[in-house]
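K.L.:
I am attaching a structure below and will ask some questions about it afterwards.
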Amino acid sequence: MATQQSVAMKVDRKNLPPFDRESISAAEWQVRVDLAATYRLVALYGWDDLVFTHISARVPGPEHHFLINPYGLGFDEITASSLVKIDLEGRPQHSTPHYVNAAGFTIHSAMHIHSPDANCVIHTHSPDGAAVAAQDHGLLPVSQNAMVLWGDIAYHDYEGVALDHSERERLVEDMGDKHCMILRNHGLLTMGKSCADAFMRLYYLERACTYQVKALSAGVEHLNLPNQGVPEHTAGMVQWSFDGGTAKIGWPALLRKLDRANPGYAD
């Protein structure tokens, strides 16, 4: 069994500079606000898992730095200021009283390294997502939500807690040119050019899993599958909208919803 030390690294405050809000660029601060909002939205929709799973975002600039949650805070507690800046190995770049889950970032770093489009990566252990991840047939085209993502979903076999960085290579190979992944016997993952894009993909994928779990509860023999070619046709009609289109429409409404339900993420 993995030890706490093997899956989390505590910051050495003696060797790292303190977090300084005044030194952060406007571009980084906007990413911090969007990422904190994404954490709270995932919690609001019930897709969080205590203090586990992660959402990461690329910091604008050439340093290859990323933002991730301070290990130990609930997703509904995350703020722009509390996010920890790390490098590709999960090493914090400023002091913080919290752990950083280095094992969790193994999966995220693979995606960030692999794709310039992976400015935000979301990983969940939601009940319905994990249930579909445990089904040998994976996601079925039983709903419009599933068909919208058809052809953009990859699969990766479970290898245990993600402590081995060599798994990055297999994650990247399995992901290919897709933007969504079902981590078998584990959970879900989505990525996007922005937090909004990654969240909208997650929303569709989570809902697709929920619909499938409910549909299968009546038995496989009662499923109505679409005609051949329909899932591909459906995906082709709307796939373009995930890179800015759907998010541009839905993200402001999501932020207003969050402002009413759980404000303070921009602190």
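The values are calculated or read from the model by the stated rules, or taken from the named source; none is laboratory data. If you're wondering where the values come from, they're calculated on a predicted model, not measured in any experiment. No Cβ is skipped: glycine too gets one built from the backbone with ideal geometry, and neighbour counts run over all protein chains shown. What goes into the accessible areas is simple: the full protein's heavy atoms, side chains included, and nothing from ligands, DNA or RNA. Shrake-Rupley method; radii C 1.70, N 1.55, O 1.52, S 1.80 Å.
K.L.:
Give me the one-decimal nm value for the distance between modelled label points at Asn185 and Lys257, 7 Å along each residue's Cα-to-Cβ direction.
P.N.:
3.4
K.L.:
Could you list which residues have their amide H under 5 Å from that of Tyr99, counting only those 5 or more apart in sequence or on another chain, with H placed in the peptide plane?
P.N.:
Placed amide hydrogens put Tyr71 under 5 Å from Tyr99.
K.L.:
Which whole-Hz couplings ³J(HN,Hα) result when phi for each residue of the stretch 171-183 is put into the Karplus expression 6.51 cos²θ - 1.76 cosθ + 1.60, θ = phi - 60°, listed in order with x for Gly and Pro?
P.N.:
4, 5, 4, 6, 5, x, 9, 7, 10, 10, 9, 9, 7
K.L.:
For the chain, what does -39500 (n - 2.57) per DSSP helix run (n ≥ 4), summed and divided by total residues, give at 222 nm, in deg cm²/dmol to the nearest 500?
P.N.:
Computed ellipticity for the chain at 222 nm equals -12000 deg cm²/dmol.
K.L.:
So, one more: Kindly write out, for the stretch 30-43 in residue order, the coupling ³J(HN,Hα) from the Karplus curve 6.51 cos²θ - 1.76 cosθ + 1.60 (θ = phi - 60°), rounded to whole Hz, with x marking Gly and Pro.
P.N.:
Running phi through 6.51 cos²θ - 1.76 cosθ + 1.60 with θ = phi - 60° gives 5, 5, 4, 5, 5, 5, 4, 5, 5, 4, 5, 5, 4, 5 Hz.
K.L.:
Can I ask one more? For His233, tell me the accessible area in Å² from a 1.4 Å probe, rounded to the nearest 10.
P.N.:
Looks like 120 Å² after rounding.
K.L.:
Show me, for the stretch 85-95, the HN-Hα J-couplings you get by feeding each phi into the Karplus relation (A = 6.51, B = -1.76, C = 1.60, θ = phi - 60°), rounded to Hz, glycine and proline as x.
P.N.:
Couplings: 8, 10, 9, 5, 9, x, 8, x, 10, 8, 6 Hz.
K.L.:
Give the long-range amide H neighbours of His65: residues separated by 5 or more places, or on another chain, with amide H under 5 Å away, using H modelled in the peptide plane at 1.01 Å from N.
P.N.:
Long-range HN contacts for His65: Val59.
K.L.:
To the nearest 10 square angstrom, what accessible area does Asp197 show with a 1.4 Å probe?
P.N.:
10
K.L.:
Moving on. Just to make sure I understand: if all protein chains stay in place, what is the order of Ser217, Ser194, Ser56 by accessible area at 1.4 Å, largest first?
P.N.:
Ser217, Ser194, Ser56
K.L.:
So what's Rg/Rh here for the stretch 194-267, counting alpha carbon atoms and using the Kirkwood radius for Rh?
P.N.:
1.10
K.L.:
Quick one: accessible surface of Tyr265, probe radius 1.4 Å, all protein chains present, in square angstrom to the nearest 10.
P.N.:
Surface open to solvent at Tyr265 totals about 20 Å².
K.L.:
If R₀ is 22 angstrom, what is the calculated FRET efficiency for the pair Val51 and Asn15, using the beta carbon separation as r and rounding to 0.05?
P.N.:
My answer for the efficiency is 0.30.
K.L.:
When you take every Cα atom in the chain, what is the radius of gyration, and what is Dmax, the widest Cα pair distance, in Å?
P.N.:
So, for the chain, Rg and Dmax equal 18.3, 63 Å respectively.
K.L.:
For the stretch 94-175, report the accessible area per residue in Å² (1.4 Å probe, heavy atoms, rounded to an integer).
P.N.:
Averaged over the residues of the stretch 94-175, the accessible area is 38 Å².
K.L.:
Specify whether the C-alpha gyration tensor of the stretch 152-246 places it in the rounded, prolate or oblate class, a ≥ b ≥ c being the square roots of the eigenvalues: rounded for a/c under 1.5, otherwise prolate if a/b is larger than b/c and oblate if not.
P.N.:
Judged from the Cα gyration tensor, the stretch 152-246 comes out oblate (a/c at least 1.5, b/c at or above a/b).
K.L.:
Here is a follow-up. Once the Cβ-Cβ distance between Gln239 and Glu167 is put in as r, and R0 is 30 Å, what FRET efficiency do you end up with, to the nearest 0.05?
P.N.:
About 0.60, to the nearest 0.05.
K.L.:
Can you tally the net charge around Phe52? Count Lys and Arg as +1, Asp and Glu as -1, for every other residue whose Cβ sits under 15 Å from the Cβ of Phe52.
P.N.:
In short, -4.
K.L.:
Once neighbouring chains are kept in place and the probe is 1.4 Å, which whole percent of the accessible area of the chain is contributed by carbon and sulfur?
P.N.:
Answer for the chain is 53 percent, counting heavy atoms of protein chains only.
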